[in-house]
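Notes follow once the structure below has been shown.
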Amino acid sequence: MVCWVRTLLFISVLVPAFVECRIRHYHFNVVVKNATKLCSTKPIVTVNGTFPGPKLYAREGDNVLVRLTNHVQYNVTIHWHGVRQLRTGWSDGPAYITQCPIQPGQNFLYNFTLTGQRGTLLWHAHISWLRTTVHGAIVILPKKGVPYPFPKPYKEKVIVLGEWWKADTEAVVKQATQTGLPPNISDAHTINGHPGPVPNCSSDDAYTLHVETGKTYLLRVINAAVNDELFFKIANHNLTVVEVDACYTKPFETDTLFLGPGQTTTALLKADQGIGKYLIAISPFMDTTVAVNNLTGIGYLRYNHTLAFTPTTFVAIPAVNATPVTSVFSDSLRSLNSKQYPANVPLTIDHSLFFTIGVGINPCATCFNGSRAVAAINNISFVMPTTAILQAHYYGINGVFTDDFPAKPAIPFNYTGTPPSGVQTMNGTKVYRLAYNSTVQLVIQGNTIIAPESHPTHLHGSNFFVVGRGVGNFDPEKDPLKFNLVDPVERNTVSVPTAGWTAIRFRADNPGVWFFHCHLEVHTTWGLKMAFLVENGRGPNESIEPPPSDLPKC
C-alpha cells in the first residue's frame with residue numbers, strides 16, 4: 001500500500017516521501033525557544049520550536065512511530081490523548097504511570113497503531129505543567145476510500161485553543177506546591193498560539209481564518225488549555241457538530257461550542273455570510289467561586305476579497321457562568337450509532353463504581369496558611385510513585401502500588417450539600433483491578449467539600465459512553481431509569497457538572513495500566529487521579545505487548 005510518510009526534523013520542516021508502507025514517522029525534538037506574546041518575551045519548552053507543536057497526521061489503521069529526543073533541562077513524556085493504545089500501554093505517556101520520564105539528553109521511540117479510530121485528538125506533555133506549551137493536534141483521517149459520514153468539506157482547518165502565562169509555568173507550579181496555595185491563573189487565552197488584542201499591550205497578535213464565500217470548512221477544534229473549560233463562537237456563523245473526541249456524532253447545529261481541556265470537537269462551518277471580517281471568540285466557563293482567567297481570546301474569520309480596514313462584526317460571548325449553555329451543548333451530543341459506526345454500549349455490568357471527586361484542605365506545617373490544597377477521588381489523594389506502575393505490574397515489583405482502590409466512598413455523606421466537618425484526605429498509590437473484557441459503570445459524583453466545580457475527567461486506554469448526567473446527588477434508584485443506552489455520546493474526556501454527577505460505561509478490553517484523572521492540571525497536581533489495572537486475557541492477542549528495549553529508566 002502506498003502511504004504518505006511525514007518526517008518532522010529539528011527545524012520543523014516537513015520532508016515528504018512516498019514509500020510502500022503504512023507507517024508514519026515523526027521526529028519530535030523537545031527544545032527551548034524564546035516566544036513573545038502580550039508584549040513580553042520568555043523561553044518556553046516546545047516540540048520542534050513551534051507553539052502549538054507540529055500536527056500529527058495519519059489514517060485509521062496506520063502505525064505511528066514518534067522518535068522523541070529531549071534537549072531541555074526537564075524530564076519529558078508525551079501522551080497521545082485519546083489514542084486507545086491497544087496493547088501498547090508503554091507508549092501512552094503519563095509519567096510514572098506507564099513509563100519513567102525521558103531524561104535530559106535521552107530519547108524514546110513511541111510506537112502505536114491507530115486501531116478503529118478516526119477524527120481529531122491531541123498530544124501533549126504528561127509531566128508537571130509542561131503541556132502548557134508542549135502540545136499539538138492529532139488528525140486521524142479515514143481509511144483510503146472511506147468517506148466521511150457527512151458532506152465532504154472544501155478544506156479542513158485545525159484550531160488549537162490554549163492558555164498563556166507571562167511567567168514560567170514550571171516556576172508557577174513550584175511556588176504553588178511550596179506555599180500550598182492555588183497557582184496563579186493564566187494571563188491570556190490563545191487560538192493557534194495567538195492571544196489577539198489584550199489590555200495593556202499594543203500588539204494585535206491574532207489568528208485569522210481565511211475562507212471563500214459559499215465553501216464549507218471542517219474545523220477541528222482542540223482545547224489544549226491547562227485549567228480552563230472554554231466556549232468557542234464565530235460571529236454570525238453557526239457550526240454543525242459531526243464528531244467529538246474522534247467519535248462521530250449525529251450532526252446538530254449550534255452557535256456555541258463547549259470544550260473542556262483535553263476535549264476535541266469537529267464541526268462544519270458554512271461560509272454563507274457577506275464578505276467581511278467576523279470575530280472568533282474563546283471565553284472561559286466557571287460557574288462557581290473559583291478564580292479564572294476571564295480574558296476572551298480573539299481571532300478573526302476573514303472572507304476572501306474583504307477590503308482592508310473593513311470593520312469587524314462582533315459576537316456576544318456567553319456569561320462566564322452560563323451553565324445552561326454547557327448543558328444544552330452536552331445534552332445535544334449523541335453517537336452516530338449507524339451500521340458502520342455502532343454504539344456498543346455495555347448493557348450488563350460487572351463493576352458498578354461510585355467515585356466522589358473534589359478538592360479539600362489538609363494540614364501542612366511548612367505551608368503559607370498552615371494548610372495545603374488537595375484533591376481526591378473517594379477521599380484518596382493519589383501519590384505519584386517513583387517507578388512506573390505499568391513496569392511494576394509487568395515485572396511483579398512489590399511496594400510500588402496497591403490494588404485496593406475503593407469502589408465507593410468509605411463513608412457516604414451529602415456530597416452536594418453541607419460538607420461534613422473534619423474531612424481530611426488519605427494519601428496512597430492505589431489502583432482498581434479489572435479482569436480483561438469486564439464491563440464497568442462508573443458514576444462520577446462532584447462534591448462541595450471546599451467548592452463545587454466542573455471537572456473535565458479523562459480516561460486513558462479506553463473510550464467510554466456517557467449514559468447520564470445530572471445536578472445534585474446521584475440517585476441510584478431513579479437516575480439509572482433515565483440512562484441513554486441507545487446512542488449515548490462516546491468520548492475519552494467528559495465534564496462532571498458543578499455539584500452534579502456523570503455516569504459512564506466502558507469495556508475493559510485493553511490490558512495495561514490506565515490513568516483516570518481530572519484534566520484540569522491544577523487538580524491533577526493536587527491528587528485528583530487514580531489508575532485502572534486491566535489484567536491480560538487469554539493468549540498474546542489479549543495481553544499487553546512486551547516493553548520496548550529503549551523504555552526510559554527512572
7 Å from Cα along Cα→Cβ at both T418 and S543: what's the point-to-point distance in nm? 5.7
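In deg cm²/dmol and to the nearest 500, what is the mean residue ellipticity at 222 nm of the chain if only DSSP H runs of at least 4 residues count, each as -39500 (n - 2.57), divided by the residue total?
Working: 4 runs with 34 residues, N = 554.
That calculation yields -1500 deg cm²/dmol at 222 nm.
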How big is the antiparallel share of DSSP beta bridges in the chain, given as a percent to the nearest 5? 75
Taking only the alpha carbons of segment 64-129, what extent do you get along each of the three principal axes, in Å, biggest first? 37, 21, 19
Hey, any idea what % of the chain's accessible area is carbon plus sulfur with a 1.4 Å probe? 53
Hits in segment 257-286: amide N under 17 Å from the 7 Å Cα→Cβ extension of V328, namely 257-259, 283, 285-286
Exposure of E542 as accessible area (Å², to 10), given a probe of 1.4 Å and all protein chains: 60
Which of A499, F285, N437 sits closest to the plus end of the dipole of the chain, meaning its Cα is farthest towards the positive end, when Lys and Arg get +1 and Asp and Glu get -1 on the C-beta? N437
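Label segment 242-398 by shape, choosing from rounded, prolate and oblate, from the square roots a ≥ b ≥ c of the eigenvalues of the Cα gyration tensor; if a/c is under 1.5 it is rounded, and otherwise prolate applies when a/b is larger than b/c, oblate when it is not. Kindly include the intermediate steps, with their values, before the conclusion.
Working: a/c = 2.42, a/b = 1.48, b/c = 1.64.
Oblate.
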Inter-label distance, nm, simple model (7 Å from Cα along the C-beta direction), Q175/S40: 1.0
Quick check on packing: order 179-186, 76-83, 397-404 by the mean number of other C-beta atoms within 10 Å, highest mean leading. 76-83, 179-186, 397-404
Mind checking which aspartates and glutamates have their Cα closer than 17 Å to the Cα of K42? Skip sequence neighbours fewer than 8 apart in that chain. E163, D168, E170, D187, D205
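Suppose R0 equals 60 Å. What FRET efficiency, 1/(1 + (r/R0)^6) with r the Cβ-Cβ distance, do I349 and D272 give to the nearest 0.05? Show your work: numbers first, answer last.
On the way: r = 46 Å, r/R0 = 0.76.
With a Förster radius of 60 Å, E is 0.85.
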From Cα pairs below 8 angstrom and at least 6 apart in sequence, can you work out the relative contact order of the chain, rounded to a whole percent? 14
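Any of K233/K270; K55/K277; K157/K233 with alpha carbons more than 19 Å apart? Name them for me. Kindly include the intermediate steps, with their values, before the conclusion.
Details: K233/K270 14 Å; K55/K277 27 Å; K157/K233 15 Å.
As for pairs spanning more than 19 Å Cα to Cα, those are K55/K277.
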Does the chain come out rounded, prolate or oblate, given a ≥ b ≥ c as the square roots of the eigenvalues of its C-alpha gyration tensor, rounded meaning a/c under 1.5 and, failing that, prolate meaning a/b above b/c? rounded
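Using R₀ = 45 Å, calculate the FRET efficiency as 1/(1 + (r/R₀)^6) where r is the Cβ-Cβ separation of I411 and K144; round to 0.05.
0.20
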Around S495, which amide H atoms from residues at least 5 apart in sequence, or from another chain, sit under 5 Å from its own amide H, with H modelled in the peptide plane? T457
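Once R0 is set to 41 Å, what does the formula 1/(1 + (r/R0)^6) return for the Cβ-Cβ distance between F252 and H71, expressed as a FRET efficiency to the nearest 0.05? Don't skip to the end; give the middle numbers.
Values: r = 45 Å, r/R0 = 1.09.
Efficiency computed from Cβ-Cβ geometry: 0.40.
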The answer for I97, listing residues at least 5 apart or on another chain whose modeled amide H is closer than 5 Å to its amide H, is I389
Quick one: check the C-alpha center-to-center distance for segment 221-266 versus segment 360-412, whole angstrom. 33
Counting DSSP beta bridges with both ends in segment 351-542, the antiparallel % (nearest 5): 70
Rounded to one decimal in nm, the spacing of the 7 Å Cα→Cβ label points at T386 and F309 is 6.7
Excluding residues fewer than 8 places away in the same chain, name every one of the lysines whose C-alpha is closer than 17 Å to that of K408. K430, K529
Separation of alpha-carbon centers, segment 503-554 and segment 148-184, rounded to whole Å: 23
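The values are calculated or read from the model by the stated rules, or taken from the named source; none is laboratory data. Everything quoted here is computed from the prediction, not taken from an experiment. A quick note on method: Cβ atoms are made from the backbone with ideal geometry, for glycine too, and the neighbour counts reach across all protein chains shown. Please note that ligands, DNA and RNA were not included when accessible areas were found on the heavy atoms of the full protein model with its side chains. Shrake-Rupley method; radii C 1.70, N 1.55, O 1.52, S 1.80 Å.
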